[in-house]
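Structure record follows, encoded as structure tokens.
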Amino acid sequence: MDAQRAGSAVPGLQATTAEPQPLNEMFDAQGRSRPECARVIAYLLALGPGRLAELGERAHRMFRTMGVTFKVYGDHEGGERIFPFDPIPRIIAAPVWAELEAGLIQRARALNAFVADIYAEAQIVRDGVVPRDLIVGSPQFRHAATGILPPGGVYITVAGIDLVRGADSRFHVLEDNVRTPSGVSYVIENRRIMTRLMPELIRGLRVSSVENYPAYLLAALREIAPSGIGDPTVALLTPGPFNSAFFEHVFLSQQMGIELVEGRDLVCVDHKLFMKTVYGLKRVDVLYRRIDDDFLDPVVFRPDSMLGVAGLTAVLRAGNATLANAIGTGVADDKAVYAYTPAMIRYYLGESALLPIVETHLLRDPDVRQTVLRDLDRYVVKPTGASGGYGVVIGPRATDEELAQARKRIEAAPAGFIAQPLFPLSVHPTLTGETVDGKPAMASRHVDLRPFVLLGAKPRVLAGGLTRVALREGSLIVNSSQGGGSKDTWVLEE
Amino acid sequence: MLRRIAGSLFWAARYLERAQWRARLVDVNYHLLLEVPPRDADPWEPLVRITAEHDLFAAKHSHAGETAVIDFFVFDREHRSSIRSCIEAVRANLSPLRHLISSELWLAVNRLYLEVQGWSAQTLAAGGVSNFFTELKRHFFMLEGIVAHTMPRDLTYDVIELGTMLERLDNVSRLLDVKYHYLLPRLEDIGGPADLRQWAAVLRSASAFEAFRRCYGNAIRVNRVVAILVFDPEFPRSMRFCIERAAQALERISVRQESSAPSAAAPCAELLAILGRGDADTTIESGLHEFLIDAERRCAQLADRVFDRYMALE
């Protein structure tokens with residue numbers, strides 16, 4: 001097919017000219033389609049933008065009919081929204097994925113070793129690799145986690161590691177999510193939708209399945225049950241229907257065939273964990289929790305929490321149940337600790353990091369702070385404790401007033417912030433939802449990737465992950481809470 | 001099954017059944033009034049009395065006219081038993097337990113819910129009241145069919161059956177009571193054409209008209225209506241039928257249980273006995289209204305016991 005024509009026939013299927021020049025994942029700088037995308041591009045061109053937009057609308061209707069939604073915080077209607085879905089798939093070639101997979105497993109293992117170490121001897125601190133005050137000063141450090149030894153030494157059962165692809169086409173780690181990462185249900189639902197929208201394309205391409213994730217997750221959870229339990233009972237703990245990720249909690253419990261419990265369904269008796277069933281109390285061996293540490297156990301954490309169950313920490317300490325992820329794993333995904341992850345990988349595994357990270361400056365250091373504050377408009381500033389894209393200031397795009405405010409916040413609590421150079425997230429052709437000359441328009445939009453890594457008796461990685469796309473032109477924020485959408489991610493098999 | 005989930009399922013079943021009865025009542029009353037110009041000041045008034053919420057109605061509407069009553073019964077978000085509120089409650093209760101029900105049932109409930117989200121007074125005006133309720137009834141019958149034909153006869157099904165039957169018993173009783181106790185209080189009207197039309201409407205509300213004709217003949221008399229709607233062991237919307245089905249569901253639930261703790265069977269057995277041995281003539285003679293009030297009270301008591309025994313968390 002004529003690549004040049006492809007570039008001009010469909011607006012958006014071409015390299016963007018924005019600064020700094022990001023990588024276009026479908027086309028090279030000359031506008032030629034990348035080899036792994038050639039068949040998909042040919043298919044999309046044959047389909048045409050009008051038909052493609054129809055497929056997008058059909059997908060939206062299917063999500064609505066199936067009730068695949070997320071809740072929006074602060075929405076008084078208790079509003080349910082559809083996570084916007086773009087029908088143009090994102091393609092990852094087999095060799096690229098093989099490298100990524102190895103890097104992701106390496107990273108998850110190192111982060112897990114770090115958490116285990118921190119809540120035991122903290123040898124990495126004694127050896128001076130990671131500064132002590134960074135750990136004890138971390139809002140995610142939990143004293144209660146010391147003395148709880150999860151079976152197999154698995155603290156991080158589920159990790160969601162956010163990757164961005166640079167202009168050099170390498171995937172970089174943007175941040176780690178090792179508390180209660182969400183989004184995997186969309187990966188599976190997106191694929192189910194795509195197999196109905198473009199069945200012949202998927203079949204022809206040998207796309208790796210994502211359908212096995214719930215089985216992988218259940219296997220990992222069963223593997224970390226307290227020893228000596230032949231057939232462990234696993235349950236998923238949700239904060240309830242008002243949580244933004246409630247659909248995912250329903251989805252995963254349904255797919256794994258386990259109970260979806262709320263705190264009030266649970267009770268601790270004699271240092272054992274039970275759920276209240278129609279026919280009496282039933283023992284729970286592994287609890288996959290989707291609520292934050294602070295709400296888990298009113299005896300140890302926030303006393304006003306109605307979401308957890310009193311006595312859970314004591315049950316864990318007695319070794320009578322396993323919590324996934326373990327208490328206190330957030331100490332490893334702190335954005336300041338992130339700067340030390342390459343050193344961490346070397347320290348625990350004796351290997352150099354397979355996945356590069358984004359250059360990161362810790363503003364707690366006075367010299368670094370001075371340098372960064374001098375050119376604040378060149379950096380992206382992130383609060384260390386927050387997630388979901390909240391509180392991020394993008395220097396090159398911020399107003400003077402926003403920069404002044406950021407400066408004030410940094411000076412008030414320098415340890416609470418990091419700064420990174422603006423990373424040119426790769427772009428991908430995406431339906432914009434607008435029309436040009438009566439035809440649905442396509443344009444380049446920034447994307448990231450959240451793959452999911454599971455640690456149990458052995459590591460398992462879901463092929464691909466959640467591709468999030470910033471639907472607003474030029475926007476670098478892909479979070480669903482901030483106007484992001486998603487794409488299906490196709491890892492091609494050899 | 002978690003106790004909380006059993007409770008959600010029980011209430012989902014009740015709200016679904018309740019929505020259905022609200023639709024039946026409004027539909028039948030609407031059509032009844034089309035044919036005969038109303039003589040009474042407020043021919044819609046009795047519908048409001050059927051529900052236990054006429055205080056809420058009075059607070060919002062000064063007069064029980066057609067528009068006000070239909071709005072209250074169908075669309076009103078503040079009215080917990082409006083059809084809209086009931087359907088939203090069904091979905092909210094089923095949402096966290098999608099793993100227990102067939103995907104067909106979830107999709108059908110979600111589709112109905114999405115339709116309800118688009119409802120407004122204009123919906124009714126645009127399509128016509130008749131079409132609106134015909135369409136709604138189709139949804140309800142489809143949901144019942146999906147439950148009957150896709151759900152295994154396990155604990156989940158038994159809890160749904162229990163909720164449905166207790167709610168139905170309560171609704172049949174209220175329907176009869178309103179007609180008998182509140183409509184046409186003047187003795188000289190009894191047996192007159194207006195009286196007969198109203199009894200026919202009651203039968204239609206309960207989908208009992210054809211069954212009545214077949215089993216009890218053409219002449220509509222109050223004792224025969226009471227016979228089919230209260231004591232008939234075979235008609236699926238009679239109070240006796242409901243309590244028997246509820247008792248069977250309860251029995252299956254308690255048999256599955258391994259422990260030998262006492263079940264919620266006592267108030268159930270009493271209701272079974274009352275509805276099983278009674279007859280229409282004696283009941284009317286000794287006071288139908290008192291009989292129905294008593295049955296409703298026992299039914300509520302039974303529901304409370306069931307909830308405490310199998311669903312309450314504390």
For A:PRO232, are the conditions met, namely being in contact (Cβ under 8 Å) with a residue 60 or more places away in the chain and either closer than 27 Å to B:ASP308 by Cα or part of a loop (DSSP other than H, G, I, E, B) (or both)? no
Can you say whether B:THR123 is assigned to a helix (DSSP H, G or I), more than 14 Å from every other protein chain (Cβ to nearest Cβ), among the hydroxyl-bearing types (Ser, Thr, Tyr) and more than 27 Å from B:VAL225 (Cα to Cα), as far as the supplied structure shows? yes
Using the structure shown, decide if B:GLU210 is among the acidic types (Asp, Glu) and in contact with a Pro (Cβ under 8 Å, 6 or more places away or on another chain). no
Of all residues making up the range A:422-441, the number that are surrounded by 15 or more Cβ atoms within 10 Å (Cβ to Cβ), part of a strand (DSSP E or B) and small (Gly, Ala, Ser): 1
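Residues checked against (1) under 23 Å from the mean Cα position of the chain (by Cα); (2) modelled with pLDDT of 95 or more; (3) closer than 20 Å to A:LEU455 by Cβ:
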site	(1), (2), (3)
A:PRO131	no, no, no
A:ILE135	yes, no, no
A:PHE141	yes, no, no
A:GLY147	no, no, no
A:VAL154	yes, yes, yes
A:ALA167	yes, no, no
A:VAL173	yes, yes, yes
The number of residues in the range B:60-105 that are farther than 28 Å from B:GLY128 by Cα and either assigned to a loop (DSSP other than H, G, I, E, B) or not hydroxyl-bearing (Ser, Thr, Tyr) (or both) is 11
Which listed residue, of A:LEU455, A:LEU466, is of a type in the set (A, V, I, L, M, F, W, C), closer than 23 Å to A:ALA245 by Cα and under 13 Å from the mean Cα position of the chain (by Cα): A:LEU466
Select the strands (runs of 3 or more DSSP E) contained entirely in the range A:314-421, then report the ones holding at least 1 residues which are within 30 Å of A:PRO232 (Cα to Cα), modelled with pLDDT of 95 or more and of a type in the set (Gly, Ala, Ser). A:322-324
Looking only at the range A:217-229, which residues are in contact (Cβ under 8 Å) with a residue 12 or more places away in the chain and either part of a loop (DSSP other than H, G, I, E, B) or surrounded by fewer than 16 Cβ atoms within 10 Å (Cβ to Cβ) (or both)? A:ILE224, A:ALA225, A:PRO226, A:SER227, A:ILE229
Single residue of B:PHE231, B:PHE235, B:PHE209 found to be farther than 19 Å from B:ASN29 by Cα, modelled with pLDDT of 90 or more and out of contact with any Lys or Arg (no Cβ under 8 Å at 6 or more places or on another chain): B:PHE235
Could you tell me which residue of the range B:252-266 is modelled with the lowest pLDDT, considering only residues that are farther than 22 Å from B:TYR15 by Cα and outside any loop (DSSP other than H, G, I, E, B)? B:ALA265
For the range A:448-467, how many residues meet the condition of being surrounded by fewer than 24 Cβ atoms within 10 Å (Cβ to Cβ) and not in a strand (DSSP E or B)? 4
Which residues, counting only those in the range A:90-130, are in contact with a Ser or Thr (Cβ under 6 Å, 6 or more places away or on another chain) and among the hydrophobic types (A, V, I, L, M, F, W, C)? A:VAL115
Quick check on the range B:4-12. Is at least one of its residues within 14 Å of chain A (Cβ to nearest Cβ) and modelled with pLDDT under 85? no
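Quick grid of which residues meet (1) under 30 Å from A:ASN212 (Cβ atoms); (2) buried (at least 21 other Cβ atoms within 10 Å of the Cβ); (3) more than 14 Å from chain B (Cβ to nearest Cβ); (4) at pLDDT below 95:
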| position | (1), (2), (3), (4) |
| --- | --- |
| A:THR238 | yes, yes, no, no |
| A:SER244 | yes, no, yes, yes |
| A:VAL250 | yes, yes, no, yes |
| A:GLN254 | yes, no, no, yes |
| A:VAL261 | yes, yes, no, no |
| A:PHE274 | no, no, no, no |
| A:VAL284 | yes, yes, no, no |
| A:ARG289 | yes, yes, yes, no |
| A:ARG302 | no, no, yes, yes |
Looking at (1) under 28 Å from the mean Cα position of the chain (by Cα); (2) within 14 Å of another protein chain (Cβ to nearest Cβ); (3) without any contact (Cβ under 8 Å) to a residue 24 or more places away in the chain, can you tell me which one A:PRO298 breaks? (2)
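Okay, residues lined up against (1) crowded, with 17+ Cβ neighbours inside 10 Å; (2) aliphatic (A, V, I, L, M); (3) closer than 30 Å to A:GLU262 by Cβ:
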| site | (1), (2), (3) |
| --- | --- |
| B:ALA59 | no, yes, no |
| B:GLY65 | no, no, no |
| B:ASP76 | yes, no, yes |
| B:LEU94 | yes, yes, yes |
| B:SER102 | no, no, yes |
| B:ASN110 | yes, no, yes |
| B:GLU115 | no, no, yes |
| B:TRP119 | no, no, no |
| B:PHE132 | yes, no, no |
For the range B:274-314, the count of residues that are over 25 Å from B:TYR216 (Cα atoms), away from chain A (no Cβ under 14 Å) and among the β-branched types (Val, Ile, Thr) equals 1
Take A:LEU163 and decide whether it is modelled with pLDDT of 95 or more, buried (at least 19 other Cβ atoms within 10 Å of the Cβ) and of a type outside the set (Ser, Thr, Tyr). yes
Among the residues of the range A:97-126 satisfying the criterion of being touching a residue at least 40 places away in the same chain (Cβ under 8 Å) and among the β-branched types (Val, Ile, Thr), which is nearest to A:MET442 (Cα to Cα)? A:ILE105
Checking the conditions here, which among B:GLU296, B:GLU285 is assigned to a helix (DSSP H, G or I), in the same structural domain as B:ASP177 (by TED's automatic domain parsing) and surrounded by 14 or more Cβ atoms within 10 Å (Cβ to Cβ)? B:GLU296
What pairs come up if the first residue lies in the range B:97-109 and is at the interface with another protein chain (Cβ under 8 Å from one of its Cβ atoms), the second is assigned to a loop (DSSP other than H, G, I, E, B) and at pLDDT below 90, and their beta carbons are under 6 Å apart, counting only those six or more places apart or on different chains? B:TRP106/B:ARG98
Filter the range A:212-221 down to the residues that are farther than 16 Å from A:ARG289 by Cβ and away from chain B (no Cβ under 12 Å) and list them by number. A:ASN212, A:TYR213, A:ALA215, A:TYR216, A:ALA219
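The values are calculated or read from the model by the stated rules, or taken from the named source; none is laboratory data. Being a predicted model, the structure only gives us computed values, none of them experimental. With ideal geometry, Cβ positions are generated from the backbone for all residues, glycine too; neighbour counts draw on all protein chains shown.
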